[in-house]
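Novice: Would you mind keeping the following structure in view while I ask a few things?
Read the figures in this text as sums done on the coordinates, not as results from a lab. Predicted model, so just to flag it, every value in this text is computed and none were measured. As a convention, Cβ positions derive from the backbone with ideal geometry for all residues, glycine included, and neighbour counts pool all protein chains shown.
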Amino acid sequence: MANQRGAFIVFEGLDRSGKSTQVGALVARLQREGRKVRLQKFPDRTTRIGGMIDAYLQSKSELDDHSIHLLFSANRWECANAIERDVSSGTIVIADRYAFSGIAFSAAKGLSFQYCLNPDTGLPLPDRTVYLTLSPEVAASRGAYGEERYETLEMQKRVREQFTLVAEETRRRHGDDRWAEINADGTVEEVEALIWENIQPVIMEPLQCLGKLWT
Ligand code: DGP
């Protein structure tokens, strides 16, 4: 492979968009191709901060909206150095959710957009964020939501609205190439093919160095 640098690719999406399935399939495909690849899930529930987030999401603890927002951000910051290190040494880091979910979910609860964006300023900027969208009809046909906090129809509607604003802000600040929207209504294989087509150029010819989010 010509380029030594890896890449940083983020997947975002509404619940039931098949995001985790697609992330898993992509990681497996890259491994089969002999690429160094690492999956980074956010929230990373394995750290101490991640444990607090996990308890909150399962409604085993209550936290003020600002506090949990800052914990989600802190959880990303504690993984930031490892992402930069891995990408610069040739690894493709695939993240399942990132700072864009941070804004969309917290703003959907009523916190201001700017407040939600601030604590993530300076985190590694993904080379590309792939946002999986789902039509309301297909979402409804995929069955009930899970049991965690936020997994209600009303909340998901507000999150979808906020993601539209997040997409606009990302394109305005970082350029159109940083954000791709892929319709996830199709079969697993169809969506997988669309994703592969979209991210192949990013993997083959990554930029010189990682930028900083929101700067
Ligand atoms: P997941 O493990 O992908 O199911 O994500 C856990 C839940 O947490 C999901 O409903 C999305 C939400 N979430 C992810 N990141 C953030 C964040 O930074 N802030 C807030 N408020 N919610 C988030």
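Novice: Using a 7 Å offset from Cα along Cα-Cβ at Q208, what residues in region 156-191 end up with backbone N under 20 Å from the label point?
Specialist: 174-178
Novice: Okay, next question. Need the full-extension length gain, D176 to V138, defined as separation in residues times 0.36 nm minus the C-alpha distance. One decimal, nm.
Specialist: Values: separation 38, 0.36 × 38 = 13.68 nm, distance 2.69 nm.
Result for the pair: 11.0 nm of gain on full extension.
Novice: Something else about it: Residue farthest toward the positive end of the dipole of region 1-127, with Cβ of Lys/Arg at +1 and Asp/Glu at -1: which of F100, Q31, H69?
Specialist: Result: Q31, furthest along the dipole toward the positive end.
Novice: Taking 0.36 nm per intervening residue step and subtracting the Cα-Cα distance, what contour gain separates S20 from T46 on full extension?
Specialist: Working it through step by step, the gained length comes to 7.6 nm.
Novice: Applying a 10 Å radius around every beta-carbon, put 7-13, 55-61, 156-162 in order of their mean neighbour count, most first.
Specialist: Ranking, from highest mean packing down: 7-13, 156-162, 55-61.
Novice: Work from the charge dipole of the chain (Cβ charges, +1 for Lys and Arg, -1 for Asp and Glu, about the Cα centre) and give the residue of Q4, W196, F42 farthest towards its positive end.
Specialist: Highest projection toward the positive end goes to Q4.
Novice: So if R0 is 25 Å, what FRET efficiency would L165 and E190 give, r being the distance between their Cβ atoms, rounded to the nearest 0.05?
Specialist: Working from the Cβ atoms, E equals 0.35.
Novice: Can you give the FRET efficiency for W77 and E197, using 1/(1 + (r/R0)^6), R0 = 41 Å, r = Cβ-Cβ distance, to the nearest 0.05?
Specialist: Efficiency at R0 = 41 Å is approximately 0.80.
Novice: In addition: Within the chain, how many Lys pairs that are eight or more residues apart, or on different chains, come under 22 Å at the alpha-carbon?
Specialist: Lysine pairs meeting the criterion: 7.
Novice: Using Cα pairs closer than 8 Å and at least 6 residues apart in sequence, work out the relative contact order for the chain, in percent.
Specialist: Reported relative contact order: 33 percent.
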